[in-house]
Amino acid sequence: MTTPTEIFARTVHDRLSPPRAVTAYAPSNIALSKYWGKRDAALNLPLNSSLSISLGDWGTTTTVAPADRDTLIFNDKSLDPDAPAAAKIWRFVDYFAGPERAPLSITTSNTIPTAAGLASSASGFAALALALDGAFDTALAPETLSMLARMGSGSATRSFWHGFAAWDKGVAPDGHDSHGRRVAAQSTALRIAIVPVDTGPKAHSSRDGMNHTVATSPLFPAWPDRADADCAAVEAAVTDWDFKILGTLAEANALAMHATMMAARPALTYLKPGSWQVLEALWQARGAGLNAYATMDAGANVKLIFESTSTDDVAVAFPQAQIINPFGSPQPVGVVANF
Ligand code: PMV
């Protein structure tokens with residue numbers, strides 16, 4: 001069986017130059033057709049393909065620089081190397097730069113408002129991969145960096161582009177064909193509203209949640225084929241721009257994913273009473289003509305999707321929401337500064 005170490009060794013190691021300081025940016029993303037379930041835990045290979053919209057200026061900026069010793073600053077705080085988040089980051093850096101690497105300082109900050117309650121391993125690992133690629137001058141294609149970032153976080157595969165991105169699940173046992181790609185859309189009208197319900201840390205990581213669901217949910221066997229069919233239909237709706245089909249599918253797909261979790265034994269529920277209140281309010285508003293749909297991930301917050309023409313109506317119906325324009329000339333994905 002191929003290991004992450006072997007994949008990084010053959011993809012990256014003969015391209016490494018001595019490091020220099022580089023800063024890179026990657027946006028976070030929200031799946032409109034979800035990734036839920038792994039076929040290979042070590043390589044983070046998914047059981048189904050997924051498709052997302054990137055969140056423009058909501059993302060992660062990361063600087064990698066040569067240093068006297070390893071240091072990691074996360075949102076202005078020094079992180080103990082043994083903290084779980086730090087250990088995942090250093091493991092990825094070791095994969096990328098090899099076991100003999102020189103010490104590095106990593107400074108990373110999220111531009112996502114904490115009040116939005118969106119933790120972002122997606123933008124975090126994408127920005128780290130882009131910063132390492134710049135720092136070591138490996139000049140890898142975004143699809144290759146996406147394939148590598150997958151081994152830090154699955155959803156990071158989709159954070160290498162603005163706008164829509166798909167993560168093709170691939171078929172190769174070593175996962176070389178399991179990475180993100182940009183999806184061109186007919187329209188830039190999509191808007192997102194984050195409706196905060198619970199902004200604290202989540203009780204179960206998405207990794208633990210999906211493993212538990214795959215292992216114990218009697219509804220899970222129906223998920224991978226349904227999710228692949230939804231993903232293909234969502235991509236067609238994006239490409240041809242049919243917002244009603246896109247919204248309907250995205251909402252149904254998210255609820256089906258949550259249904260697999262609720263059927264797990266014991267049950268797993270990321271949704272809280274407040275999430276259901278938002279859904280209820282949305283369904284009532286939709287009955288009265290609001291053209292908006294919901295999606296939820298491994299947390300209680302609800303994300304609404306709608307077209308720009310509905311922005312004022314969404315803001316009135318959900319005054320607590322933060323509205324994002326994914327297409328409002330966000331800063332470019334990739335290296336933003338060399339020193
Ligand atoms: O790769 P992770 O650990 O960020 O898992 C993402 C899981 C969901 O957010 C629930 C779905 C998705 O496709 O982003």
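Inclusion of H204 among residues that are over 30 Å from Q320 (Cβ atoms) and either within 13 Å of the ligand (Cβ to nearest atom) or in a loop (DSSP other than H, G, I, E, B) (or both) is not warranted. Of all residue pairs spaced 6 or more apart or on separate chains, those with beta-carbon atoms under 9 Å, a first member in the range 201-221 that is farther than 15 Å from D40 by Cα and charged (D, E, K, R) and a second member that is within 11 Å of the ligand (Cβ to nearest atom) and part of a helix (DSSP H, G or I) are K202/G209.
Entry remark, the range 31-43: residues being part of a strand (DSSP E or B), more than 7 Å from the ligand (Cβ to nearest atom) and either of a type in the set (A, V, I, L, M) or farther than 23 Å from T239 by Cβ (or both) number 4 in total. Here the range 283-293 is the region considered, the condition is being in contact (Cβ under 8 Å) with a residue 24 or more places away in the chain and not hydroxyl-bearing (S, T, Y), and the residue that is surrounded by the fewest Cβ atoms within 10 Å (Cβ to Cβ) is N291.
Taken over the range 231-276, residues that are over 21 Å from L47 (Cβ atoms) and in contact (Cβ under 8 Å) with a residue 60 or more places away in the chain amount to 6. None of A102, A87 is under 22 Å from L145 (Cα atoms), without any contact (Cβ under 8 Å) to a residue 24 or more places away in the chain and out of contact with any Lys or Arg (no Cβ under 9 Å at 6 or more places or on another chain) except A87.
The rows are residues; the columns are (1) at pLDDT 95 or above; (2) of a type in the set (V, I, T); (3) within 23 Å of P326 (Cα to Cα).
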| position | (1), (2), (3) |
| --- | --- |
| G163 | yes, no, yes |
| G170 | yes, no, no |
| I194 | yes, yes, yes |
| F220 | yes, no, no |
| W223 | yes, no, no |
| A263 | yes, no, no |
| V278 | yes, yes, yes |
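With respect to being more than 15 Å from P19 (Cα to Cα), touching a Phe, Trp or Tyr at 6+ places or on another chain (Cβ under 9 Å) and assigned to a loop (DSSP other than H, G, I, E, B), L51 falls outside the description.
From the list D57, D70, D76, the lone residue that is more than 16 Å from the ligand (Cβ to nearest atom) and touching a residue at least 40 places away in the same chain (Cβ under 8 Å) is D57. Of the helices (runs of 4 or more DSSP H) contained entirely in the range 82-196, those carrying at least 2 residues that are under 13 Å from the mean Cα position of the chain (by Cα) and either under 23 Å from T23 (Cβ atoms) or among the aromatic types (F, W, Y) (or both) fall at 121-135, 142-149.
Listed by first and then second residue, the pairs linking a residue in the range 317-329 that is free of Cβ contacts under 8 Å to residues at least 40 places away in the same chain to a residue that is surrounded by 15 or more Cβ atoms within 10 Å (Cβ to Cβ) and in a helix (DSSP H, G or I), with Cβ atoms under 6 Å apart and 6 or more places separating them unless they lie on different chains, are A317/A285.
Taking the range 143-170 as the range and being of a type in the set (D, E, K, R) and away from the ligand (no atom under 16 Å from the Cβ) as the test, only E143 passes. Q331 meets each of the listed conditions (1) surrounded by fewer than 16 Cβ atoms within 10 Å (Cβ to Cβ); (2) at pLDDT 95 or above apart from (2). Tell me yes or no: at least one residue of the range 132-142 is surrounded by 20 or more Cβ atoms within 10 Å (Cβ to Cβ), modelled with pLDDT of 95 or more and within 11 Å of the ligand (Cβ to nearest atom). No: the range 132-142 contains no residue that is surrounded by 20 or more Cβ atoms within 10 Å (Cβ to Cβ), modelled with pLDDT of 95 or more and within 11 Å of the ligand (Cβ to nearest atom).
The values are calculated or read from the model by the stated rules, or taken from the named source; none is laboratory data. Keep in mind that this is a model prediction, so the values were computed, not measured. Heads up, the Cβs are rebuilt from the backbone with ideal geometry, glycines too, and the neighbour counts pull from every protein chain shown.
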